[in-house]
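One structure is given below, encoded as structure tokens.
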Amino acid sequence: MSTARESVLDLPVDEVPDPEEFIQAAMGWHFGRETGSPFWLERARSLDFDPRRDVRTFDDLALFPNVTGELRDVRAADLVPRGYGDRPRIVGFYESGGTTGAPKRVPLLADWVERIVAWNARNMDLRGDPQGVDWLALVPTGPHMFGELVRRQALLRGGVAFTVDMDPRWVKKCLAAGRTEEAGRYADHLVEQAAFVLETQQIGVLAATPPLLERMARDERLVALINEKVKTIMWSGVHMDPDTRHLLRTQVFPGIGIHGGYGSTTMLGGVDERAGLPDEAPCVVDPYSPYITFSVVNPETGRPVGYGERGQVQLNHLSKSMLLPHNLERDLATRVRQPGNQIGDSLSDIAPAAVFDDQVVAEGVY
Amino acid sequence: MPGVLELDVLGADGPYRAHRRTPVTDVAGRQSAELSLAPGLLVHRALAALRAASAPPADRRAAALREAGRRFAGEVVAGLSVEEYEHRTSRVSGLPITTVRSAVRALALAADLAHRTARDGKPRAATENWKEPLPGGRGAVWIRRGEVLCVNAPGNHPAVHAGWLEALALGYRVAVRPSRREPFTLHRLVSALRASGFRDDEVMLLPTEHAVAQDLVRGADLALVYGGDDAVLRHHGDPRVLTQGPGRSKILLHGGDWQAGLDTVVDSVVAEGGAACVNATAVFVDGDPAPVAEAIAERLSGLRGLPPEDDKARLPVYPTAAARALEAKFAASVGDARPWLGGEGIVEELGDGSAALRPSVVEVPHAYAPQTAVELPYPCVWVAPWSADEGSGPLKNTLVLTAIGCPERLLGQLVAEPSIKNVYMGRHPTHHHFPGVPHDGYLTDFLMRGKGIIQG
């Protein structure tokens, strides 16, 4: 069924497609009657443009409306392109954290997960991370993709990931209800389980969300264990403020490579911190062009901000398995020039949109 | 005095300049400094370092406190002369510069005497040194209830920071979180303490965001938390936390001769820019309050707004929006009470984005009128009738109560009432403070306890 044009969607991991050729092929695939998903074929009827005719360049992706909200209701199977045939290799249906209401669902297909995991693994090679070691992952598991991706990354690099069950929705629920102490107890519960693994197993790579990494960093016994055993720490899931990142790199875990990532359910994976950044430099992530790409835009106008300026992150996922263009994330970032011949922007200092300062007015006497 | 100062975190490893910094602006909205904010991880490591440090020897503590007081009030500290510190503090807090200057003297005196005043509340039978022979080998030793104290400090008035110096004198290791509105005083004070003999792991300045402040309070052994009624309520019943809430200081004018107390009343309302917890919030009159309110209003009506750094300034200055918000809060509190001053508005704009708050004087209909508990950070006083059969009831929940012309029996009741923290008998303004008179009980009631011992 595959045409020459579509084969650009199936290039080997280390071969970078021409972006425009790739975008056009993807439009052909996702909006072809025989190949597109039921969701997109139906959705195309209410678009005021023809994706196959009008979307030819990276900038044209901005023609699409943001459909990620619809992922809360749509049947996950309807998101699988028909071109995969009757028995698509679906790894699973995965869900977002549900920060803003009901979770969004996406299908994870084998060809895509193999591609993104291989790319993440290649980035680890570029950084000189160890092969053949076991991992410990304190990341969302269950319906969340993160745990599955980490498990596969470890396997691909010759190790096995030990995991700890983690339900980020419960934490968010506690925090939203002001039950910070309960959220803290849950975090302690997770860290306690991690300690058993760290004590008894030879762990070379530690993957964790920033809050859990920080909690481990408060425990001197765990810090000693990690410094003794772990060669590489990878964090992702939520942002890490630059001050905490700097402290972790320079004071808490000075001999260990600490690398950030930026991922989400609607990215269907994550991208990695640029290799070789000095401790003083901010965390920069590069796109996985042309599959996972970013723009940094002014939230009022939707237009790109200048390089070095802050704006809202807009991301595109574009692969054979899924099309999720023009998705405005809640995160803010500084727009950074991407290296080489890629499309879209790199990002630095990613942070949640709302950071409130306390104000003088309401303080009264104090 | 141009230039934006950098106020670093003073943590376990010396000054720390964070990526995350918050502007400190003066009352006209001009930036005066930027304050580094300590991330949670740094706070936890700082607390661990404080805990790991042992109490410095008592003689070093005493000498360092005395020396720090001297430096604070007289020398260049952290690159800032006294004059520049006072000017900047006045500009960002909006307090009259004369108030800031007297606070500097008060802080220096408190540091000088902290080693002594910290022991005013020591039980006579207890010893501080357990090796010292006790009579008959039996008795008590006075010990710290914890090792690490956190102070979540306010920014309304520099002199309030005198309180926790006693904790240092007693050997506590102390982490102070300054307010983001006026961090200069605590930055200067902690810098002076460090320059005078306290080590980096013995006293720290940890400015943080709100969320991290809770970690600080929870992570220390004991916490001294300043705040409004909400903070008091939040920590109610927690034996690890001592809250310092609104003062709601009051004056009772007993007997017919209220004129004799008028100077005291006016001074108690308007001194310190009216922004301290020891300023009088309400005046209770044995008899008709109207002539008293009228007389206070007349005395205060001539005050005019001036930039806070002006030697003649008496009124507090705020950013105009904040001043308007306080005016609205005042107006909402007046209700059907009778304003003698300030009823037409209290904001006087100074033309540079800042505004002074002029005094307000309001007569309320009865002694239990809810307004008497409304403490606002400018010279604002509620004048209420009081009669002998009401006794101490309406005078409860008071930091300082000045009782003028009171009969002995009533004084006895006021002294016995636990929710009144200080009773000043006679014409002493509520804001007057003397070493040896505890501010809100002895701080050592919270910091220390007696432990029974039998020696040998």
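Working note: 222 nm ellipticity from helices only, DSSP H runs with n ≥ 4, each -39,500 (n - 2.57), summed and divided by the residues of the protein assembly as shown, gives -9500 deg cm²/dmol to the nearest 500.
With 18 Å as the cut-off, how large is the P(r) tail for segment A:71-118, expressed as percent of Cα-Cα pairs?
Values: 398 of 1128 pairs.
Summing the P(r) tail past 18 Å for segment A:71-118 gives 35 percent.
D by Stokes-Einstein for segment A:1-155, Kirkwood Rh over Cα pairs, 37 °C, 0.692 mPa s: 187 µm²/s. Across every pair of different alpha-carbon atoms, what Kirkwood hydrodynamic radius in Å does segment B:249-425 reach? By the Kirkwood definition, the hydrodynamic radius is 16.3 Å. Ranking B:89, B:103, A:36 by Cα position along the charge dipole of the protein assembly as shown, where only Lys, Arg, Asp and Glu carry charges on their C-beta atoms, puts B:103 farthest toward the positive end.
Only protein chains counted, 1.4 angstrom probe. Which residues of segment B:204-243 are at least 20 Å² less accessible in the assembly than when their chain is isolated? In segment B:204-243, residues shielded by partner chains: B:210, B:218, B:227. Counting only protein heavy atoms, what percent of the accessible surface of chain A is carbon or sulfur at a 1.4 Å probe? Using a 1.4 Å probe with all protein chains present, chain A comes out at 50 percent carbon and sulfur. Measuring nothing but how far apart in sequence close Cα pairs (under 8 Å, 6+ apart) lie, relative to its length, chain B scores a relative contact order of 18 percent.
An oblate overall shape is assigned to chain B, the ratio a/c of its alpha-carbon gyration tensor axes (a ≥ b ≥ c) being 1.5 or greater and a/b not exceeding b/c. Excluding same-chain residues fewer than 8 positions from residue B:250, which aspartates and glutamates have a Cα within less than 12 Å of its Cα? Qualifying aspartates and glutamates at Cα under 12 Å: B:375.
Give me the percent of Cα-Cα pairs in segment B:8-52 that sit more than 11 Å apart, rounded to a whole number. Considering segment B:8-52, 67 percent of its Cα-Cα pairs are separated by more than 11 Å.
When a 1.4 Å probe is rolled over the protein heavy atoms, the share of accessible surface on segment B:1-86 that falls to carbon and sulfur comes to 50 percent. Summed over the residues of the protein assembly as shown and divided among them, the accessible surface reaches 41 Å² per residue at a probe radius of 1.4 Å. Burial here means at least 20 square angstrom less accessible surface with every protein chain in place than with the chain by itself, probed at 1.4 Å; in segment B:155-176 the buried residues are B:156. Over 32 Å apart at the Cα level, from the set A:173/A:320; A:229/A:320; B:329/B:396, are A:173/A:320; A:229/A:320. Under 19 Å of direct C-alpha separation, and excluding same-chain neighbours fewer than eight residues apart, residue A:231 reaches these aspartates and glutamates: A:125, A:129, A:134, A:199, A:214, A:219, A:220, A:272, A:273, A:279.
Interface B/A, total buried accessible area with a 1.4 Å probe, nearest 100 Å²?
2500
Legend: calculated FRET efficiency, residue A:57 to residue A:15, from the Cβ-Cβ distance at R0 = 25 Å, rounded to 0.05, equals 0.75. Positive contributions from Lys and Arg (+1) and negative ones from Asp and Glu (-1), summed over other residues with Cβ under 9 Å from the Cβ of residue B:26, come out at +3.
Per the Cauchy relation, a quarter of the hull surface: what is the mean projected area of the convex hull of the alpha carbons in chain A, in nm²?
Averaged projected area of chain A's Cα convex hull equals 20.0 nm².
The three principal axes of the Cα atoms in segment B:355-440 give end-to-end lengths of 43, 35, 21 Å, sorted in falling order. In segment B:161-286, inverting the average of 1/r over every pair of distinct C-alpha atoms gives 17.2 Å as the Kirkwood radius.
Annotation: average projected area of the protein assembly as shown is 41.1 square nanometres, based on the convex hull of Cα atoms across all directions. Taking label positions 7 Å along the Cα-Cβ direction at both residue B:59 and residue B:311, the computed distance is 4.4 nm, reported to one decimal.
Taking the chain by itself as reference, segment A:238-254 contains these residues with an accessible-area loss of 40 Å² or more in the full protein complex (1.4 Å probe, heavy atoms): A:243, A:247, A:251. Taking a quarter of the surface of the Cα convex hull of segment B:401-456 gives a mean projected area of 6.0 nm². In a shell of Cβ-Cβ distance under 13 Å around residue A:277, excluding residue A:277 itself, what net charge do Lys and Arg (+1) and Asp and Glu (-1) give? Charge balance near residue A:277 sits at -2.
Kindly work out what percent of the DSSP beta bridges joining two residues of segment B:5-244 are antiparallel, to the nearest 5. If I count the DSSP bridges inside segment B:5-244, around 30 percent turn out antiparallel.
Which lysines, on any chain, are close to residue B:451 with Cα under 24 Å apart, when same-chain ones fewer than 8 places away are left out? Counting by Cα, and skipping residues close in sequence, residue B:451 has these lysines nearby: B:122, B:131.
Largest first, the three principal axis extents of the alpha carbons in segment B:5-244 are 66, 35, 35 Å in whole numbers.
The values are calculated or read from the model by the stated rules, or taken from the named source; none is laboratory data. These figures come from a predicted structure and were not determined experimentally. We place every Cβ from the backbone using ideal geometry, glycine too, and count neighbours over all the protein chains shown. Protein only, heavy atoms only, side chains kept; ligands, DNA and RNA dropped before computing areas. Shrake-Rupley method; radii C 1.70, N 1.55, O 1.52, S 1.80 Å.
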